[in-house]
Ligand SMILES: [Zn+2]
């Protein structure tokens with residue numbers, strides 16, 4: 001089974017984690033003023049990247065913390081994990 | 001008015017546990033008061049109020065006055081006490097962490113404890129746990145939140161010899177986990193034990 005490295009707990013089996021969708025989706029600066037269409041894009045629309053994708057994961061069975069990961073959607077390889085308050089890593 | 005008695009979820013398993021050999025003992029721990037603490041930053045003032053240094057290293061626990069303080073997350077700990085009632089313990093811990101911006105919640109009814117002792121209990125645990133439990137890396141003071149069988153548990157190492165552990169499991173999963181442990185320990189029951 002693939003191991004995912006929790007930034008707090010270290011490497012754990014994949015079944016301990018839950019997927020949380022695309023990371024770095026900014027909350028609208030002025031939510032009261034966005035149109036229905038813009039709001040729908042914020043809530044429902046996500047990238048469908050083939051390759052390196054920045055995602056949110058939760059260590060559900062362990063420390064229950066959210067963190068971000070760069071995962072290759074084609075190979076399923078986790079390339080980087082980083083904390084929510086960290087900047088999005090620059091990947092080659 | 002009828003008195004509400006708390007019955008232990010593993011009362012019916014006592015007989016089965018007693019049949020286990022000394023190499024793989026399972027004992028039900030008595031109820032203890034447990035409090036979940038959320039606190040942003042840990043400084044010396046925490047020790048002054050709580051009487052224990054909350055562990056800041058992930059996956060560790062430390063002994064407290066009459067219990068333990070276990071790391072659950074970067075801002076979360078599980079405190080236990082055998083000396084106080086849940087109500088007393090919660091209010092004492094709350095009084096200590098509230099001025100520091102933290103919170104304390106009584107979770108005594110959430111989990112029950114099982115004490116696993118003996119030379120083969122590590123073999124029993126590793127049948128359903130992916131964590132490396134060798135005492136070289138999981139000695140006394142280590143803790144881990146993970147899956148044991150299909151149940152989420154908090155596992156604490158009490159010895160450096162790999163023969164003494166505490167498993168904290170949610171009350172509603174206790175029966176399942178007890179059955180799972182008995183099955184995993186089956187091969188260590190010898191005809192003469
Ligand atoms: Zn974790």
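Since every read-out is calculated from the coordinates, none of them should be taken as a lab result. Quick caveat, the model's predicted, so the values are computed rather than measured. Reconstructed Cβ throughout: ideal geometry from the backbone, glycine too, with neighbour counts over all protein chains shown.
Overview of results
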| read-out | value |
| --- | --- |
| On Cα atoms only, tilt of B:86-97 relative to the major axis of chain B in degrees | 50 degrees |
| Sorted by Cβ neighbour density within 10 Å, fewest at the top, the residues B:72, B:98, B:79 | B:98, B:72, B:79 |
| Global size of region A:3-82 as Cα Rg and Dmax, reported in angstrom | 14.7, 43 |
| Mean shadow area of region B:103-153 over all directions, Cα convex hull, nm² | 4.8 nm² |
| When the protein assembly as shown is reduced to its Cα atoms, the Kirkwood hydrodynamic radius in Å | 21.3 Å |
| All-pairs alpha carbon distance profile, region B:33-106, 10 Å steps from 0, percent | 23, 62, 15 |
| Computed E for residue B:103/residue B:186 - FRET, C-beta separation, R0 51 angstrom, nearest 0.05 | 0.75 |
| Helix B:174-185 vs. chain B, principal-axis angle (Cα, 0 to 90°, nearest 10) | 40 degrees |
| Within the protein assembly as shown, helix-based [θ] at 222 nm, where runs of 4 or more DSSP H residues each add -39,500 (n - 2.57), nearest 500 | -5000 deg cm²/dmol |
| Tensor-based shape of chain B (alpha-carbon gyration tensor, a/c under 1.5 rounded, otherwise prolate or oblate) | oblate |
| Amide N proximity, region B:100-142 versus residue B:82 label position 7 Å along Cα-to-Cβ, cut-off under 16 Å | B:112-117 |
| Distance in nm between pseudo-label sites at residue A:47 and residue B:171 (7 Å out along the Cβ direction from Cα) | 4.7 nm |
| Euclidean distance of C-alpha centroids, region B:15-56 and region B:86-122, integer Å | 6 Å |
| Neighbour-count order for A:67, A:53, fewest beta carbons within 10 angstrom listed first | A:53, A:67 |
| Burial ordering of B:165, A:27, fewest other beta-carbon atoms within 10 Å first | A:27, B:165 |
| Percentage relative contact order, region B:56-110, counting C-alpha pairs under 8 Å, at least six apart | 21 percent |
| Inter-chain Cβ neighbour average for residues B:49-60, partner chain, 10 Å | 1 |
| Percentage relative contact order, chain A, counting C-alpha pairs under 8 Å, at least six apart | 27 percent |
| Residues in region B:1-18 that a label on residue B:115 would reach, taking backbone N under 16 Å of a point 7 Å out along Cα→Cβ | B:14, B:17-18 |
